[in-house]
Amino acid sequence: MELKKRINWIQNEFAMLSIIILVVLLLMGVLNPLRFFRIYNLQSMAFQLPELGLLSLGMMVIMLTGGINLSLIASANLSGILMALVLNRLAPPETFIGSGSGIVLLVILVGLAAGVAVGLANGALVAYVGVSPILATLGMMTLLNGVNILITKGYVISGFPPAFQFIGNGKALGIPFPMIIFALIAIVVGIAMKRTPYGLEVYMLGTNEIATRYSAVNVPKVLMKSYVISGLLSATAAIVMISRFNSAKSDYGESYLLVTILAAILGGTNVYGGFGKVTGLILALVILQIISSGLNLLQVNAFITRAIWGMILAAVMIGQYYRIRAASRIR
Amino acid sequence: MKRLLQKHESYIFLAIILLTVVITALNQNFLTLENLFDILKSYSFIGIMSVGVLVVLISGGIDISFTAVATVGQYVMAVIITKYTGNIVLAFTISIFIGILLGLINAMFIYFFNIPTIIVTIGTLNVFYGLLIVFSGGRWLYNLPEWFAKFAEIRVLTLLNANGIPYGLSIITVIWIAVIAIAAFILRFTVLGRSLYAVGGCGFDKSPAQRAGINIFRVQMFVYAFMGFTAGIAGVVQALLVQTVAPNSIVGKELNVIAAVIIGGASISGGTGTITGTVLGVMLLAILSNGLTLMRVPSYWYDVVIGLVILLSVSASALRQKKKMQRAIAVEEA
């Protein structure tokens, strides 16, 4: 009985997000039918969603542990800038011969390594030193933004070989390549969260840290792993992002931080940790991408869009509050 | 002596002295009254907001939206005084009123819907700021009235330097000191101030404070209204300092302010934090940035240094907290 009720509840969430998708689709269809449903728009949506999706996954993993990762975007930019530097050193724009795919692999490793390094630093601060996640990642964000500006002096680094540009702009079997990357990684993260001991430990930790400690779970190790995964995801987002823009800069994606938190919460991730699923996050991302592309097509001012994100965030939180209250009343 | 060594404030004070010695050794211009008054004037803007942030942190919350609140207050104030004229009291009244109003909006969301403060304020930051840019069209305001410029020049204490140029304690610094005094009084001597610590010390579940007879609603309203109050004052002060009003000049500074308060020893989990620590935190950041400039370090380094200082400071507090807990457990077991 209890289990059935819970399944019902989860299905509800899935159904609710699906309904919202239909509603926003309908809304955009009514507001701008000629342009919204064009193949071109749908494709550009498929190119934009992955980088936000990867960042949101990185945010969600930390939110599940009960924390928040404010250094996510700064970390992605650090990876992006380092990759751009290495690319420009090894394959300067004026000497592109062939596609340069051998270098690309090395460059990706550099980006991922930077992500892991940031993750280890964040993880060590939270897990071993005992700094609260907000403060640790806030300090890390300031530090990394500083480092990024220091390296680039605020300039753009641009001009990458074709093989690298393919990652963000190419298509395989007619599907945008970034989408394939995102799908694969989302599946891996989804399985890791649902089917591995690590995933179970994350949910336990997010629900009740003390109980988790007493269950002989190595809490610091779980936290370390989570921050490293978050760093890796932000580095992957950086690969897609700088490849799509064909450039790297210290302040790319600044407005994404709000949207990653919004996506996670809209997708059902509990801000206090312990609850949330990858499928919910993906549905939430689709909703936000539809709204963002729709507003963009309607040529709505970017700042109105920002205000709208904020209002949606508030609305979603209020909705969650009433749902939790309703759920506890049934019990 | 032992008690002094246990206090976070003592370490910041030591850091400030050390920094002063190093900077002075490299540049004689640093340790002069003129430079000190200058720092006190230009950092009063950050300083005023840091007092508000401290109150929020003590109550167990965090606020990211206060820069947007200050901007809205400042902009509306500037529009009104340039269009219809007025006086400095009116300018402050308008900005403070708007600050308190927006602060109360934050408090409503936090209290009635039980939303974590960081989420609420990340949301309202974007709503307030986004709407302001849309309605103002992002226009800068230059033609502030003459009395507004004159007020900024007032010195409470005037001295002459070697070249006969007057300098001294600015009225703007006095405003900062007044805000500090108000907050210190409330935190130390009023029931409201003490209950703030109690509510913050409770952590997530506020019921112990409630059972102790504290009206959580009133405390939350006060906290975010006070944050708005300081943001409103800071908005006017920033306009006084630069004499132009740009809608994008304050937003983005929130981290500097929060950093100062955190360096000052306030904990994000609530219940701790002192005015002295916060003032020292602001001074440390001020001296650091002033010192970097005087030592001709490129400005690119600024954020790197600040980031490192934040991480060092929070790590030190966390480790000390850990040690204290271990000692408490050891005593209990003995």
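Readers should treat all values here as calculations from the given coordinates under stated rules, not as data from a laboratory. Computed from a predicted model, the values in this text were never measured in an experiment. Every residue, glycine among them, receives a Cβ derived from its backbone with ideal geometry; neighbour counts consider all protein chains shown.
Read phi for every residue in the range A:234-243 and hand back ³J(HN,Hα) as whole Hz from Karplus 6.51 cos²θ - 1.76 cosθ + 1.60, θ = phi - 60°, with x for Gly and Pro.
In residue order, the calculated couplings are 5, 5, 4, 4, 5, 4, 5, 5, 6, 5 Hz.
Given only helices, namely DSSP H runs of n ≥ 4 each adding -39500 (n - 2.57), what is the per-residue ellipticity at 222 nm of chain B, to the nearest 500 deg cm²/dmol? Could you put the intermediate results ahead of the total?
On the way: 15 runs with 247 residues, N = 334.
After summing the helix terms and dividing by the residues of chain B, the value is -24500 deg cm²/dmol.
Using just the C-alpha positions of the range A:120-211 as equal point scatterers, what log10 of I(q)/I(0) does the Debye formula give at each q in 0.20 1/Å?
Here the Debye-derived log intensity ratios amount to -1.04.
Pick out, from B:MET77, B:THR32, B:PHE97, the residue whose Cα sits farthest towards the positive end of the charge dipole of the range B:2-300, with +1 on the Cβ of Lys and Arg and -1 on the Cβ of Asp and Glu.
Comparing the listed Cα positions along the dipole, B:PHE97 ranks first.
In what order do B:THR173, A:THR279 fall by count of nearby beta-carbon atoms within 10 Å, going from fewest to most?
Working: B:THR173 23, A:THR279 16.
The most exposed by this proxy come first: A:THR279, B:THR173.
Restricting to Cα pairs below 8 Å that are 6+ residues apart, what does the relative contact order work out to for chain A? Please round to a whole percent. The partial results should precede the final answer.
Details: 472 pairs, mean separation 108.5, N = 331.
For chain A, the relative contact order is 33 percent.
Would you grab the residues whose amide H sits under 5 Å from the one on B:GLY168? Only those 5+ places off in sequence or on another chain, please, with H modelled 1.01 Å from N.
B:LEU159
Which of B:VAL22, A:VAL147 comes first, and how do the rest follow, when ranked by fewest Cβ neighbours within 10 Å?
B:VAL22, A:VAL147
By how many nm would the segment from A:LEU120 to A:ARG195 grow when fully extended, if each residue of separation counts as 0.36 nm and the alpha-carbon distance is taken off?
Values: separation 75, 0.36 × 75 = 27.00 nm, distance 2.39 nm.
Extra length available between A:LEU120 and A:ARG195 comes to 24.6 nm.
Let me have the 222 nm mean residue ellipticity of chain A computed from DSSP H runs of 4+ only, each contributing -39500 (n - 2.57), with the sum over all residues rounded to the nearest 500. Don't skip to the end; give the middle numbers.
Working: 14 runs with 253 residues, N = 331.
Taking each H run of at least 4 residues, the total per residue is -26000 deg cm²/dmol.
Nothing charged except the Cβ atoms of Lys and Arg (+1) and of Asp and Glu (-1): what's the magnitude of the dipole of chain A about its Cα centre? Round to the nearest 20 debye.
On the way: 21 positive and 8 negative charges, 155 e Å.
For chain A, the charge dipole is close to 740 debye.
Grab the beta carbon distance between A:ASP251 and B:ASP38, set R0 = 30 Å, and tell me the FRET efficiency rounded to 0.05.
Numbers: r = 30 Å, r/R0 = 1.00.
That gives a FRET efficiency of 0.50.
Can you tell which of A:GLN289, A:VAL300, A:LEU34 lies farthest toward the positive end of the dipole of the protein assembly as shown, using +1 and -1 charges on the Cβ of basic and acidic side chains (Lys, Arg; Asp, Glu)?
A:GLN289
Taking amide H positions as placed in the peptide plane 1.01 Å from N, state which residues far from A:LYS171 in sequence (5 or more) or on other chains have amide H under 5 Å from it.
A:PHE177
Using a 10 Å cut-off around each Cβ of peptide A:257-263, what is the average number of partner chain Cβ atoms that fall inside?
Values: counts 1, 5, 1, 0, 4, 4, 0.
Neighbouring Cβ atoms belonging to other protein chains average 2 per residue here.
In this model, which of A:LYS171/A:LYS221; A:LYS153/B:LYS7; B:LYS7/B:LYS41; B:LYS83/B:LYS253 are farther than 32 Å apart at the alpha-carbon? All intermediate terms of the calculation are to be shown ahead of the outcome.
Values: A:LYS171/A:LYS221 38 Å; A:LYS153/B:LYS7 39 Å; B:LYS7/B:LYS41 28 Å; B:LYS83/B:LYS253 28 Å.
Where the Cα-Cα span goes over 32 Å, the pairs concerned are A:LYS171/A:LYS221; A:LYS153/B:LYS7.
Are there any trypsin sites (Lys or Arg not before Pro) in the range A:132-199 that are in a DSSP loop and have at most 14 other Cβ atoms within 10 Å? List them by number. Could you put the intermediate results ahead of the total?
On the way: sites: A:LYS153, A:LYS171, A:LYS194, A:ARG195; in loops: A:LYS153.
The qualifying sites are A:LYS153.
Over all directions, how big on average is the projection of the convex hull of the alpha-carbon atoms in the range B:2-300, in square nanometres? List each step's numbers first, then the result.
Values: hull surface 69.1 nm².
The Cα convex hull of the range B:2-300, projected and averaged over all directions, gives 17.3 nm².
Calculated FRET efficiency, B:TYR111 and B:THR85, Cβ-Cβ r, R0 41 Å, to nearest 0.05? Could the numbers behind the result be given before it?
On the way: r = 39 Å, r/R0 = 0.95.
For B:TYR111 and B:THR85, the calculated efficiency is 0.60.
Considering the options A:TRP309, A:ILE191, B:ILE17, tell which one lies farthest towards the positive end of the dipole of the protein assembly as shown, charges being +1 on Lys and Arg and -1 on Asp and Glu at the Cβ, about the Cα centre.
Value: A:ILE191.
Relative contact order for chain B: what is it in percent, counting Cα pairs under 8 Å that are at least 6 residues apart?
Values: 501 pairs, mean separation 110.7, N = 334.
Dividing the mean separation by the residue count of chain B yields 33 percent.
Charges only on Cβ, +1 for Lys and Arg, -1 for Asp and Glu: so what's the dipole of chain B about the Cα centre, in debye to the nearest 20?
On the way: 20 positive and 11 negative charges, 129 e Å.
It comes to approximately 620 debye.
Most exposed first by the Cβ proxy, i.e. fewest other Cβ within 10 Å, how do A:PHE47, B:PHE66 rank? Each step should come with its number before you reach the end.
Numbers: A:PHE47 17, B:PHE66 34.
The most exposed by this proxy come first: A:PHE47, B:PHE66.
Distance in nm between label sites at A:LEU85 and A:ILE318, each 7 Å beyond Cα in the beta-carbon direction?
4.7
Taking every alpha carbon pair in the range A:48-280, what does the distance histogram look like in 5 angstrom bins from 0, in percent?
P(r) over the range A:48-280, rounded to whole percents: 1, 7, 15, 19, 19, 15, 11, 7, 4, 2, 0, 0.
Taking the range A:188-331 as the region of interest, what is the percent of Cα-Cα pairs per 10 angstrom bin, listed from the shortest bin to the one with the maximum distance?
With 10 Å bins starting at 0, P(r) equals 9, 31, 34, 20, 5, 0.
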